[in-house]
Structures are given as C-alpha cells and as structure tokens.
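The values are calculated or read from the model by the stated rules, or taken from the named source; none is laboratory data. Keep in mind it's a predicted model, so treat the numbers as computed, not measured. Methodologically, a virtual Cβ is constructed for each residue, glycine included, from the backbone with ideal geometry; neighbour enumeration extends over all protein chains shown. Heavy atoms of the whole protein, side chains included, go into the accessibility calculation; ligands, DNA and RNA do not. Shrake-Rupley method; radii C 1.70, N 1.55, O 1.52, S 1.80 Å.
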There are 2 protein chains.
Amino acid sequence: MIAVLAGGVGAARLLTGLTSVVEPSDVLAVVNTGDDAEMHGLHVSPDLDTVTYTLAGAGNAETGWGLAGESWTVMAALERYGGPTWFRLGDRDLATHLYRTGRLAAGATLSDVTCEIVAAWGVRTRLVPMSDEPVRTCVGLASGERVDFQDYFVRLRHDVAVEALWYEGAEAARPAPGVIEALEAAELVLVAPSNPLLSIAPILAVPGIAAALERRRESVVAISPIVAGAALKGPADRLLVELGHEASPAGVARLLAAASGTLVIDNADGELAPAVRAAGMRCVVTDTVMADPQRAVALARTALAAGRAAAR
Amino acid sequence: MIAVLAGGVGAARLLTGLTSVVEPSDVLAVVNTGDDAEMHGLHVSPDLDTVTYTLAGAGNAETGWGLAGESWTVMAALERYGGPTWFRLGDRDLATHLYRTGRLAAGATLSDVTCEIVAAWGVRTRLVPMSDEPVRTCVGLASGERVDFQDYFVRLRHDVAVEALWYEGAEAARPAPGVIEALEAAELVLVAPSNPLLSIAPILAVPGIAAALERRRESVVAISPIVAGAALKGPADRLLVELGHEASPAGVARLLAAASGTLVIDNADGELAPAVRAAGMRCVVTDTVMADPQRAVALARTALAAGRAAAR
C-alpha cells in the first residue's frame, strides 16, 4: 500500500498518475482538511472534494476545483439576497456539501462521509481526512487582521501579505482512524506537490502524523511544488518568502527534511540538488510538471522508484 | 394596521387578497415557524417562504410551496449519494435557505433575516416569525413513534394516524420583537384559514400571543380552513378527528373561540352557523374558497368588514 499526504489539485493529479500504476485500492490519501469551512452553514471540504472529483474524472481541470460542466443556478439566486457569493458553489457540488453536512449533523464522522462520497463517485482510491476533528488554517495578515483560510484564499484571492499561519484545533485533534496505522504499514509514503505551508503543514500538525513519518523517513518521498522559484498554482512561493523560508526546492527541503528522506525536484531546478542534499534529503531530479496524465504517471513512477531505492 | 396569524398556502392566498385592499406595509403577518426544520444543516422555514414567494408572485401555485419554474439540479445530484431527497429543495429555493442559514450562523435573528429576504423579493407586506427562538411541532404517531413535523408531513405524506401533537420549545420561546405590540395595536387581527393544529396552534403556543388576542378577541376574525368537513389542502380534517375535535367549522370554532370573536365559514357550511355561535363566536357565512385572486380579495373584504362590525 502507498500512502500519500494530499492537498488539492497537485495531489489530485499525482494520485491520478499513481493510481494508473498502482491498484487504486492500494493507495490511501491522507487529505488536508485545514481548508475546510462552514459556508452558509454547510461543511465544505475543498481538498477532499478536489481529489474525489478529479479521481472520478469529473473535476474541473481548468479551475482545479469544483465539477466540470457545472451550473450555477443557486449562486445566481443567492445574488438576489446580496450574497455572499465570493465562494462559488456550483449546483452539483452543493449536493456534496448538503450530503456531508446532513450526515455530520446525524452523527457520522468526516471519515465515514468521505468514504460514502468517494464510493458514490466510483472512486476506488482510499481517501481519509487527516482528522475527523476540526483543524482550521488561520491566516494573520501583515495588516494585523486575522482571517479564515477561505477568506484569505478565495475572497482576498491570496493577494495580501501574510505574517503568520496557524492551524487552529490541531493540538487537540486526533488523526482520523487508521491514519497512523496506514502511515506505518505503507510500503512508501509520498508527500504530494501541494503547498507545504497550507496543505502539508496542517496534516503534519495533527499530533502523531509527523512523528509517524519521522520514524520511517527513509521511505518517505516528497515532491516539490516549487518549480523555478514559483508555485505552479496558488501562493506557495509568496507565502514561503513572507514567512521566512526560501521559495525554492531547497526551502521546501528544509521544511520537509524531518519527515521525508527524499525530495523530487524539477529539471528546471537541477542546480539546487546540492542544496536539497545539504538540507539532509536525497534528491531526485525529473520533470515534475504534470501538464498531462502521461507526465503524472511518469512522475508517480519516478517517486515510487526513488522511495524503493532509498528504502533498500 | 391589520395583523394576520399565518401558516402556509391558505394564509399566503388570504394575504394576497388582503394586500389588494389594504396598503401592504399596513399588513403584518405573524408566521408559524413550528414547521421549520434543519435539512442538510440548512434552516428551512416553509411557511415564511411560502408566504414570501406567493406575495412576490413567484410561488408555485400548483404545489403551494416552492418557486414557480424551479429547477432541481441539486436534488438530482444529491441522489448520487442516496439522498435524503424526500424533502424537495429547488435550486433557487435553496439559495434562500443558504442565505438564511449563513445569516443565522453570523448571529442575525430569524426576524432580521426574514426582513431581508422579504425586502429582496420586493414584498412590502411585513412578515415576522412568531418567535426568533426555535419552536418545533412534534408528532406522536398512533404507532407510538415520535417524528419531526416534516417527517410526518412530507416524508410520510401525513398519511399516518396521529395521537398527539406538541410544540417543542414553545414554553421557553418569546414572541419575536414587535409581535405583541402589533397584536395589541392592530385595528383588526385576522386568523388565516390555516391548519388550526399545525399552523395556528404553534403560534398561539408562544407565551403571550394567545393572551394578547384574548384581551381583544372582539376584533379578531378567524377564517375556517375546513369546508364541508374537509380541509382544502393538507391533513387538517383527519388530524382534528384523530385528536378528538370535530372536522367542521364548529370544531374549529371551539378551538379558536378563546382568541377570536368571529369565525368566517363557507357557504357550504351555512347550517353550522348556530353551532359556531354556540361555541361563543359570531359567525359570518361567505365564499371562503380562494380559487382565484378575486375571491381572495372578496374574502379579505368580508373578513375586514366582519371585524369592523364586531369591533364597533
């Protein structure tokens, strides 16, 4: 079994590639829920949904979130009331949030509901939230304001300076059932090319998860989401710099070296391999930009081979 | 100002007629919220919405609930997950529930949100929930099972024997701000032809409301929802019998006589006028079936005239 720490779109693409070369039911993704939010009273789990929809072949590849061919009747009607409509919820996507919220209200855990939703989409890859308890990524802006993650990410379009991030609830949260066991039993653990501060750090902040990886770090392989100094999507590059890190694979290496023995970096950053090694990680240089499914498959194969080589 | 105790469709029709002959902003409807429910985590207020949509000319006249020309994308998508889809929520209707739930979560009262929703629909009639606090009509079935109102009304299609009704939360609920003052200051109070046990009784169960009407019962005019022994819509007739009342205007009179001095009954029940009077109410006999807007206007005029005559 291969375990994967997963954020949103980057993780979804890697998982698509990975499940082409590994039997999907032998892949377990531990998904960030630090982005989860209450919107209009509904429990929205953006990363879980992005991964589910993408693996089902139903995701919107252009936006990286939501469903392809979505309609927007509810949002348009919400405008009558003056919104808020900045967090776009498509009609069919809303059904997911209604179902999840109803099930949670009835006492189901987020893990339970995730299983049900994944099954309903015919996805055989195993998805589990990092925790069934709420962990919420909070953002301290340079302006002094403190905002919720979706306020920062969507409403403010992450176009603001950040001076602090924290993961509210993480200290008291427990890993979802089976997470630690899976991270221990997995042949390899991959860390998807997701935002290290917004997607991976919240997962590692859940007590026990970082320690489980540290105990087996030689067979943990991370993939850098930073290529040539920039994030392929989202604010990872800017955030790294604002929070005192380096927006490069070397900066990512210093963040992940405790939990992961290997970092896969892009050909564009080949000259940074010594810096990655200086941070204490093995370094594999390859094409990490998953512009099409074939490249996602190739990246998955490279990551698996790197992990197997390191674990020998 | 004319105040109206209101349930759903019967009240909506009466208010449509009434606001053709009285300046809408001089009409205040105190609306039943005993039917309110949490569906998928959303706060649904069926009677408030039926009245709002109907007064906006946007209601679905065929079903008596929801919006005309509604689409059902979200419900269809919810079926992927196995529902529950028995409580049909149209796409545009859902926007109302999202807005309401979001505002309540942000600390607004149900009265506040109702004002906002009514204004957004361009409705000038004043609508106020009977209480900002939760009151929930609960149904004890003859089978011994206890179910929530919408379970009884929609899921079970009120096609089951009932042996008890109660209004959970009513004792601790306060009338919404302005309700008692309006019921005292109104020139007349009308009790719409709504289900006496499911729509009017929950309103009267909120402490202070029944007493306010009793103090001025001579200028309170109720309209019987029972015509020729049957309810025009819904289970009022069956419920009245099962709960030991009479499914006739005389039975309605005995239920409402303490709060209302006059009962308007249908021509079909003219021979029951003495029984209504025996219950202690004045009785006016007219056409109460609001099959078209003209008849709703005529019924409103008759009720106003009856109240003014009685109050003299």
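In nm, one decimal, shortest first: how far is the label point of residue B:178 (7 Å from Cα along Cα to beta carbon) from the matching points in the other copies?
Result, one decimal in nm: 5.3.
Roughly speaking, what is the stretch gain from residue B:20 to residue B:308, that is 0.36 nm per residue apart minus the C-alpha to C-alpha distance, in nm to one decimal?
101.9 nm
What do you get for Rg/Rh over region B:78-128 if you use C-alpha atoms and the Kirkwood form of Rh?
Taking Rh as the inverse mean 1/r over Cα pairs, Rg/Rh reads 1.09.
Could you state how much accessible area is buried at the B-A interface, both sides summed, with a 1.4 Å probe, in Å² to the nearest 100?
Accessible area lost upon association: around 2200 Å².
Just from the alpha-carbon atoms, what are the Rg and Dmax of region B:79-170 in angstroms?
Rg and Dmax of region B:79-170, Cα atoms, are 16.2, 45 Å.
Tell me the mean residue ellipticity at 222 nm calculated for chain B from its helices only (DSSP H runs of n ≥ 4, each -39500 (n - 2.57), averaged over every residue, nearest 500).
That calculation yields -10500 deg cm²/dmol at 222 nm.
Nm distances between the label at residue B:107 and the same-position labels in the remaining copies, 7 Å along Cα→Cβ, shortest first?
So the label point of residue B:107 gives 3.3 nm to the other copies.
Would you kindly derive the ³J(HN,Hα) couplings of region A:80-93 from the backbone phi angles with the Karplus curve 6.51 cos²θ - 1.76 cosθ + 1.60 (θ = phi - 60°), listing them in order in whole Hz, with x for Gly and Pro?
Per residue, the Karplus-derived 3J(HN,Hα) values read 3, 8, x, x, x, 10, 5, 9, 6, 10, x, 4, 6, 4 Hz.
May I have the convex hull volume per residue, in Å³, for the Cα set of region B:143-279?
109 Å³
Using 0.36 nm per residue, how much length does the chain from residue B:166 to residue B:61 gain when fully extended, once their Cα-Cα distance is taken away?
The span from residue B:166 to residue B:61 would gain 34.9 nm if fully extended.
Calculate the length of the line joining the C-alpha centroid of region A:248-312 to that of region B:210-243, in whole Å.
Cα centroid of region A:248-312 versus Cα centroid of region B:210-243: 75 Å apart.
Whole percent per 10 Å bin, from 0 to the bin with the longest distance: what is P(r) over all C-alpha pairs of the protein assembly as shown?
P(r) for the protein assembly as shown, in whole percents per bin: 3, 16, 22, 18, 13, 11, 9, 5, 2, 0, 0.
In a Gaussian network model over chain B where Cα atoms closer than 10 Å are linked, find which of B:90, B:82, B:244 has the largest mean-square fluctuation.
For chain B, modelled as a Gaussian network with Cα springs under 10 Å, the answer is B:82.
Rounded to the nearest 10 Å², what accessible area does residue A:167 have for a 1.4 Å probe in the complete protein model?
Accessible area of residue A:167: about 50 Å².
Putting +1 on Lys and Arg Cβ atoms and -1 on Asp and Glu Cβ atoms, find which of A:177, B:255, B:226 reaches farthest to the positive end of the dipole of the protein assembly as shown.
B:226
Can you send over the solvent-accessible area of residue A:153, 1.4 Å probe, protein chains only, in Å² to the nearest 10?
Rounded to the nearest 10, the figure is 70 Å².
Taking the Kirkwood radius as the inverse of the mean 1/r across Cα pairs, report the Rg/Rh of region B:3-87.
When Rh is taken as the Kirkwood radius, the ratio is 1.05.
Going by amide H atoms built from the backbone, whose H comes under 5 Å of the H on residue A:188, apart from near neighbours?
The answer is A:3.
Report the label-to-label distance for residue A:109 and residue A:141 in nanometres (one decimal), using points 7 Å from each Cα along the Cα→Cβ vector.
3.7 nm
Assuming R0 = 60 Å, what is the FRET efficiency of residue A:1 and residue B:267, from their Cβ-Cβ distance, to the nearest 0.05?
Working from the Cβ atoms, E equals 0.20.
Once you sort the root eigenvalues of the Cα gyration tensor of region A:259-312 as a ≥ b ≥ c, which label holds: rounded (a/c under 1.5), prolate (a/b larger than b/c) or oblate (the other case)?
Oblate shape, in that a/c is at least 1.5 and b/c is the bigger or equal ratio.
For region B:33-136, what's the relative contact order in percent, using C-alpha pairs closer than 8 Å and at least 6 residues apart?
So the answer I get is 29 percent.
What are the ³J(HN,Hα) couplings of region A:214-219, residue after residue, when phi is run through the Karplus curve with 6.51, -1.76, 1.60 and θ = phi - 60°? Round to Hz, x for glycine and proline.
Once rounded to whole Hz, the list reads 4, 5, 10, 4, 4, 9.
Given charges of +1 on the Cβ of Lys and Arg and -1 on the Cβ of Asp and Glu, with all other atoms neutral, how large is the dipole of the protein assembly as shown about its Cα centre, in debye to the nearest 20?
Once rounded to the nearest 20, the dipole reads 180 debye.
Say each of residue B:116 and residue B:228 gets a label point 7 Å from the Cα, pointing the same way as Cα to Cβ; how far apart are those two points in nm?
Placing both labels 7 Å along Cα→Cβ, they lie 4.6 nm apart.
For region B:1-49, what ratio Rg/Rh do Cα atoms give with a Kirkwood hydrodynamic radius?
Reported Rg/Rh, Kirkwood definition of Rh: 1.07.
When all protein chains stay in place, what accessible area (Å², nearest 10, 1.4 Å probe) is found for residue A:123?
That residue has around 20 Å² of solvent-accessible surface.
Cα atoms only: what Rg and Dmax, in Å, come out for region A:1-151?
15.7, 49
Using a label point 7 Å beyond Cα on the Cα-Cβ vector, give me the inter-copy distances for residue B:301 in nanometres, one decimal, shortest first.
Computed spacing set for this position: 8.5 nm.
With N denoting the number of residues in chain A, provide Rg(C-alpha) divided by 2.2 N^0.38 Å, to two decimal places.
0.94
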